[in-house]
Amino acid sequence: MLTNADLLALEGKSGDFTAKIHQRPRYIDADACTACGLCTQYCPRHHVDPYNEGLSITRPIHIDYAQAVPATYYIDPSSCLHLQYDTCQICVPVCQSHAINFNQKPKEIELNIGAVILSPGFGKIDRSTLEKYSYGKHPDVVTSFEFERMTTASGPFKGEVKCFSDGRHPKRIAFIQCVGSRDLGCDNGYCSSVCCMYAIKEAMVAKEHDPEVDITIYYMDIRTQGKEFDKAQHRAESMGIKFVRAKVGDITPWENRLQLTYSTLAGAHEFAPFDLVVLSVGLESPRDAEGIADITGIELNRYNFAKSEVFQPLATKREGVIVAGSFQGPKDIPESVTQASAAAGIAAGLLKKQRGQGIVHKNYPQEKTDADEPRIGVFVCHCGINISSVVDVHRVENSVADMEGVVYHTDSLYSCSQDAVETLKKTIIDHNLNRVVIAACSPRTHEPLFQETLKDAGLNPCLIEMVNIRDQCSWVHAGEPDAATDKSQDLVRMAVAKARKLKPLPEQTVPVTKRALIIGGGIAGMVAALTMAEQGFESVLLEKGKSLGGNLGLLNHTLSRSETAGYLKELVARVKKNKAIDVLTNAEIIHSSGFVGNFSSVIATGTGKNKQEQTVDHGVVILATGGHEHRPDGYLLGSNSKVITQQQLEKRLAGKAKNRAPGSVIMIQCAGSRGDDLNYCSKVCCNHAVKNALQIKEINPESRVIVLYRDMRTYGYAEDAYRQARLKGVIFIPYELENKPKVYEKGRRLHVGFFDPLMQEELDLTPDLLVLSVGIVPDGTEDLSRMLKAPLTDDNFFLEAHVKLRPVELPVDGVYVCGLAHGPKPVDETIAQAQAAAAKAAIPLVKGAVSVDPIVSSVDEKTCIGCGLCVSLCPFGAIEMIKVEKKRKARTIAASCKACGICASHCPTFAISMGGFTNEQITSQIEAFGAATVKETVEV
């Protein structure tokens, strides 16, 4: 990893690039620095902290934040007294590890590489745009980035929200959306895609800090188009946060407060006083975007983001140079992480011939033998304010002082930060700990990190017990801090009792079948299969229909005018031609068993008398089962020929009929979606409507097109098409769910009645055509969910392992998801997600073996009576019956076991125990809780 570095030149071609790098000196030896912070304490010079948005003062020698990688300090030469004036150097003798080196010089480095991934992030909106809203003129007008740092526990105000003008706590806060986005005044016509969600998040955080604060979000359209994002708005509204559709015109000082002037859809001009105003600023292209483009030879779009095409969303003009993240266009964390995986997969395909070269295998110290006497260390995490704002962390930590076996206890701000992890490792070694209890957040996301730390310290990774006092205490009992603290103490005490009984568990590995099964032959499935093939792996592509193509075959062109038929034909040809892809059409999966690396599935192909079954062995599964149009009730769809869907309209407009674009068309957005029938936003409907509206205007410029919408969610560059539609005369009229349009027949005429908020009156129109923008529902997910034990959301889409960290992985190891099976999304996002799923699926295939989690069931053959009850109950087929000295005995197939514990809980002779969850360990936890309960009862 090269930090503090700039790319100077990129020469050569794909597979054989030479990159010239300029690395600036840190003036600190990163290997020697222990991040103790002593140098910062002695440094006499002040330095404005850019990481905290200039809201605090640090020193020229500093580290930006606790989780910084590498976790070492650096010296900013712009304010260092020695580097500026050749004086001072107080920090040099202070540093006990002799890590400070002012003799470091810039380095010129040449790297021979095969591929380049560009992910420089995004830039900031120009200050001149913010000044229109009195930013810089009044201290209580702040940006969303500044507010984020203000509400963060590790930020300059330790999470305390206050007005900059006089330090008081604000009683009324306003958020203004679309600052620097959807604004031609600063040449940012695009939507930044993330501002609505982060404003809602920040508003909810502020409410958690002070439940009495009054918060209003002023918006043009609420664009919470992501998976499950609408639920965030519902939660915010339930907390009392108000949403007002309005355009803010001015912010002026008023006594010791700020006055907002805004106009509503009804044309009214209103005023409202606030203590603090937060500007939800958009995402700008990187400051040095043009320089990056010149060096790498790529093209930029009109907004200075990297230019890419719909069907190759991560490819640039220069072969071998790939783009990912916000440099490709404004996007949120899940999509950025998805694109990062996809880019890695594409690069892996380019470099497959070099695979395995230059690998450095990590060596661990020899594992300590288990001592008879437990020496337990307890570490309690503040998790910023996630835990400490509710739970009294110090009280929880001190409560373990007299517990049996506890020889060390402490607390930390962020236990998962690199410096805290290093401290944990050092503490284990220094205090000879052989058991560790960590009270922090979810073990689902962080236990692997701490297990790796134990291995680095020479301990078996199973000698750790995590207590989730964030989810189970501070979050669910946010309004009851005393009760949350008491519960945290109970849980930690129980964990310590269990830790005394923990035993080392052996790690197991199993070989991998280097083939993928991809279910679904639409664009997602085909792209995933090709990406797997490009990385050197075979796949079986399963399609239930008679031909490949899926929903892409129902489209004529994309919003950016890219024609779909040609691309689909070429894609299908590439798939059929590729020898690494076995295509099965008219096929469905009948049964699947096994585990990551070793699945076995029964596939039925053909129809009628020609139906045949075959067994496919494979190491991973990619779910790309697609979806279809929802058919809502209440709009006369299917009973009146003048009522059609956007998909039907697209097919009609692609035809030759003279009246294909009639004189009057009404479109109803969210028909049957977002609480009307389905509970979610399908993400593509607004784009589809704008695309078809523009096509109608192109065919018949005189046609009157009216779009009735709740929120126009033309996020990203689709905002340009939305603006173009308005310029061409398409009329957009908002409506509320409580007063949605009424569709009915009167005589032979089709009527649409709705309320126009601008004219403030009810209208009743008789269009020639009514077009419904209906949602997308998933195909076949329920059956596959039962078969693969893969969880679903409330809306029957597959539930990813973690929305941000593992967006294409399912909780079932070896199973991945992409496309509409994951959730509704446009073509370019579907392609990127398919590439990401293939990249992730290739990881176990590349390794050739997978580790089996040791917390699986094990059978004591002496106690087992061979009844077979466990075999019949196991949902994963992970137990088999074998003969041992002519007697039936149960045996666990470790790689298939998911450690659910059903077998252990039903065994009539208690012959089955769970690794890390033995009867003895669980009993000790119950006794620890019960002992405290009895003591409290006696005291009362």
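Here is how the numbers come out for the structure above:
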item: Anisotropy class of the stretch 101-242 from Cα gyration tensor, a/c 1.5 cut; result: prolate
item: Where GluC sites (Glu not before Pro) fall in DSSP loop in the stretch 734-768, at most 10 other Cβ within 10 Å; result: GLU736
item: Packing rank of 712-720, 37-45, 393-401, where each peptide gets the mean count of other beta carbons within 10 Å, highest leading; result: 712-720, 393-401, 37-45
item: Per-peptide average of other Cβ atoms within 10 Å, ordering 534-540, 423-429 highest first; result: 534-540, 423-429
item: Beta bridge orientation in the chain: antiparallel %, DSSP, nearest 5; result: 55
item: Label-to-label distance, nm, for residues given as ASP372 and VAL884 (7 Å Cα→Cβ offset); result: 2.9
item: Accessible area per residue in Å² at 1.4 Å probe, computed on the stretch 17-159; result: 51
item: Euclidean distance of C-alpha centroids, the stretch 278-311 and the stretch 738-802, integer Å; result: 35
item: Nearest-20 debye value, the stretch 590-646 charge dipole, Cβ charges on Lys, Arg, Asp, Glu; result: 220
item: Span-rule helices in the chain, defined as complete DSSP H runs reaching 15 Å or more along the axis (Cα) with Kyte mean at least -0.5; result: 195-209, 333-350, 418-430, 481-499, 523-534, 564-577, 685-699, 827-847, 919-939
item: Residue-normalised accessible area of the stretch 539-623, expressed per residue, 1.4 Å probe, Å²; result: 51
item: Helix-only [θ]222 nm of the chain, DSSP H runs n ≥ 4, -39500 (n - 2.57) each, per residue, nearest 500; result: -8000 deg cm²/dmol
item: Paramagnetic label zone (point 7 Å from Cα along Cα-to-C-beta, ALA272; backbone N under 19 Å) in the stretch 192-209; result: 195-208
item: Three-way shape call for the stretch 28-75 based on the alpha-carbon gyration tensor, with the a/c threshold at 1.5; result: oblate
item: Positive-pole candidate from LEU554, GLN612, ASN578, dipole of the stretch 543-660, charges at beta carbon; result: LEU554
item: Where trypsin sites (Lys or Arg not before Pro) fall in DSSP loop in the stretch 310-367, at most 10 other Cβ within 10 Å; result: LYS362
item: Amide N of the stretch 115-158 lying under 20 Å from the label point, which is placed 7 angstrom from the Cα of ARG723 along Cα→Cβ; result: 123-133
item: Average accessible surface area per residue within the stretch 267-421, 1.4 Å rolling probe, Å²; result: 48
item: Among TYR635, HIS822, GLY167 the positive-end extreme of the charge dipole of the chain (Cβ point charges); result: TYR635
item: Distance in nm between pseudo-label sites at PHE917 and VAL510 (7 Å out along the Cβ direction from Cα); result: 1.8
item: Mean separation of Cα contacts under 8 Å (6+ apart) over length of the chain, as relative contact order %; result: 11
item: Cut-off under 5 Å, modelled amide H: who pairs with VAL707 long-range; result: MET667, ILE731, PHE732, ILE733
item: For the stretch 862-903, size of Cβ-based charge dipole, Lys and Arg +1, Asp and Glu -1, in debye; result: 200
item: Signed unit charges on C-beta, dipole axis of the chain, positive-most listed residue SER773, GLY155, ILE589; result: ILE589
item: Label point distance in nm, GLU480-VAL244, each placed 7 Å from Cα along Cα→Cβ; result: 3.7
item: Share of carbon and sulfur in the accessible heavy-atom surface of the chain [1.4 Å probe, %]; result: 51
item: For the stretch 646-732, size of Cβ-based charge dipole, Lys and Arg +1, Asp and Glu -1, in debye; result: 280
item: Cut-off under 5 Å, modelled amide H: who pairs with HIS557 long-range; result: THR564
item: Inter-centroid distance (Cα atoms) of the stretch 204-221 relative to the stretch 356-412, Å; result: 36
item: Cα gyration tensor shape of the stretch 206-265, rounded if a/c is under 1.5, else prolate or oblate by comparing a/b with b/c; result: oblate
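The values are calculated or read from the model by the stated rules, or taken from the named source; none is laboratory data. Being a predicted model, the structure only gives us computed values, none of them experimental. Cβ: placed from backbone, ideal geometry, glycine included. Neighbour counts: every protein chain shown. Ligands, DNA and RNA are stripped out before the accessible areas are found, and what is left, the full protein with its side chains, is counted by its heavy atoms. Shrake-Rupley method; radii C 1.70, N 1.55, O 1.52, S 1.80 Å.
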